[in-house]
């Protein structure tokens, strides 16, 4: 039977960051269940819940629970700014050597924090560990079939566009080395934040690993009433925004692919033109068509070169942003957590 690991609060080894928005129906139960699970974690820890500008009494409920639990910290700000901003706020305020971000309702499994922390210990060279339902051993439970299909198909498209080997780019349940995630110049306020992290971590050659996990949409009970899990995502808008982000993340790959396709087809028609000429048939039009395809291919190739240069410049800008991170990041967290919500707990 598991027992609580009572470690010194002076040093935090693991920080768990969970954003929430208008979750008054489940927030108290969810936080308490998370705290129960964390008491069996074999490390010193803190739980940070970030109120993303809730308009109900979610924040007050979370504050009340924080009064009873010194390891629980409640951060927040008065208006909704998006999941990415909430995660960034919690991440930059975290003190743990490892930072785990996940859903507060444990929809990724009751032991998901333990599994992610264990993976970070198992893979000391890993900078990020992603929980993925798309790996063998993972899966979906009680999730509508349409959402499962969208998630799996969307992640395949994202992998193709962004050139990384991660099977779950859109999920928030991950573990990070604090020095790595806090050094990335992150700016996306919405759910594109998850893609931005993968994109920039890959650009800086950070190591990303994955573990299988089961994502479950849960039902919660409050005062005898079933409170169904709500999906705050606007699916169509999310598909468009994620697709555009992925397409523009590394366009040089498919621009050069198009270029080589034109070169290949052009070569074919030029070859046909030579055969026609050898057979003393009309070949001029076929030759012109083939050469035209060569020209279009060359234009796409040049465009690819320009885009590649743009990627290099973009990475240099990210390096400059990262160099400014230590002071700038502290300013962001200070403004968000102290000025906008002065009654922070913890």
Alpha carbon centroid spacing (whole Å) that separates the range 62-117 from the range 131-155: 23
Contour excess over end-to-end distance, with Cα ends at residue 111 and residue 299 and 0.36 nm allotted per residue: 62.4 nm
Sequence ranges 286-293, 41-48, ranked by mean other-Cβ count within 10 angstrom, highest first: 41-48, 286-293
Label point distance in nm, residue 146-residue 42, each placed 7 Å from Cα along Cα→Cβ: 4.5
Packing-based ranking, highest mean first, of 120-126, 97-103 given that Cβ atoms within 10 Å are counted: 97-103, 120-126
Nitroxide proxy distance, nm - points 7 Å out along Cα→Cβ at residue 95 and residue 11: 1.3
Label-point separation in nm, residue 157 to residue 217, each point 7 Å along Cα→Cβ: 2.0
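None of the figures in this text is laboratory data; all of them are computed from the coordinates on show. Values in this document were obtained by computation on a predicted structure and should not be read as measured data. Every residue, glycine as well, gets a Cβ built from its backbone with ideal geometry; the counts of neighbours run over all protein chains shown.
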